[in-house]
Amino acid sequence: MTQRTPITDRAGDAAAGKPDAAVVRDALGVGVAVGLSGLAFGVTSAGSGLGLLQTCALSLLVFTGASQFALVGALAAGGSPFTAAAGAFFLGVRNAFYGLRLSQLLDVPRAVRPFAAQWVIDETTAVTLAQPTRRAARIGFTVTGLSLYLLWNLTTLLGVLGAKAIGDTGAWGLDAAGPAVFLALLAPMLKTPTERAVAGLAVLLGLGSLPVLPAGVPVLVSALAAPLALYAEGRRGGRTQPAAQGSTDLTHAAEITDTADTADIADGREQGW
């Protein structure tokens, strides 16, 4: 699949890449839009029975919205703490794979990596991968992570304190802000047929397994879309290559035959046929 992210840091990157102001603007837009959904988490967490300190500790220490929602959602539905924590853990596994990719792109000092790892989530990954240069990627990651972390924790606190006043967060649409922003970031990156096939298959796998698997597992199942699509593409390419080779062989044989015929005709003329 096509990679659009930088792996070098040359002096000309700043001139050839995206202006810093544009990167900051885009990153702040994502941070603010998704950060507001912390209100929904705060209200949901309070409704599930968690206290103020417990809810705020989740946002400060876990800081991955999907896992946090999965945890409090399972508790609100009457699930055991162990089951709720297991679902949140499975859902957060994807951040480890994000980290493997971002560690190469950002190339931050070792002393900074433990702190940067706290901000490796869907939104920071999407913003980072969308940048054309390493400088832009670092700015996008930092601004998105910082703005989202601060706003997410602030709105979590406000959500817990104002849970009764806000009421149903679904009526406000705050719970849909995060997924909507992520889809908006992802859609422009799906430029090749293979990338679109992976995305479509991932949606089908995730939705198909959602009713029968525990929370968090459908996300991991949807990750199988990438190897499946690449395998299908490889099989299709393997069938096309022999056909193309066969066509080339036939063309080459025809050229040899034509050459031989031409030589025979020339010999016949020389011998007076």
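Using the Karplus relation 6.51 cos²θ - 1.76 cosθ + 1.60 with θ = phi - 60°, the per-residue 3J(HN,Hα) values for region 48-59 come to 7, x, 6, x, 4, 5, 5, 5, 5, 5, 4, 5 Hz, with x marking Gly and Pro. Computed extension gain for Leu158 through Val32, at 0.36 nm per residue and net of the alpha carbon distance, reaches 43.9 nm. Note on exposure: Thr142, Thr55 ranked by accessible area (1.4 Å probe, complete protein assembly) read Thr142, Thr55, with the most exposed listed first.
Ordering Arg134, Arg113 from largest to smallest accessible area (1.4 angstrom probe), what's the sequence? Working shown, then result.
On the way: Arg134 25, Arg113 95 Å².
Ranked from most to least accessible, the order is Arg113, Arg134.
When Phe141, Phe82, Phe97 are compared by accessible area of protein heavy atoms, the largest-first order is Phe82, Phe97, Phe141, using a 1.4 Å probe. Here each label is just a point 7 Å from Cα along the line to Cβ, and for Ala76 and Val93 those points are 2.6 nm apart. A Förster radius of 35 Å, combined with the Cβ-Cβ distance separating Val62 from Leu228, puts the computed FRET efficiency at roughly 0.70.
Taking the Cβ of Tyr149 as the centre, find all other residues whose Cβ is under 14 Å away and add up their charges (Lys, Arg: +1; Asp, Glu: -1).
Details: positive: none; negative: Asp122, Glu123.
Net charge in that neighbourhood comes out at -2.
The values are calculated or read from the model by the stated rules, or taken from the named source; none is laboratory data. Remember, predicted model here, so these are calculated numbers, not experimental data. Note that each Cβ is placed from the backbone with ideal geometry, even for glycine, and that neighbours are counted across all protein chains shown. These area figures cover heavy atoms from the full protein model, side chains too; ligands, DNA and RNA do not enter into them. Shrake-Rupley method; radii C 1.70, N 1.55, O 1.52, S 1.80 Å.
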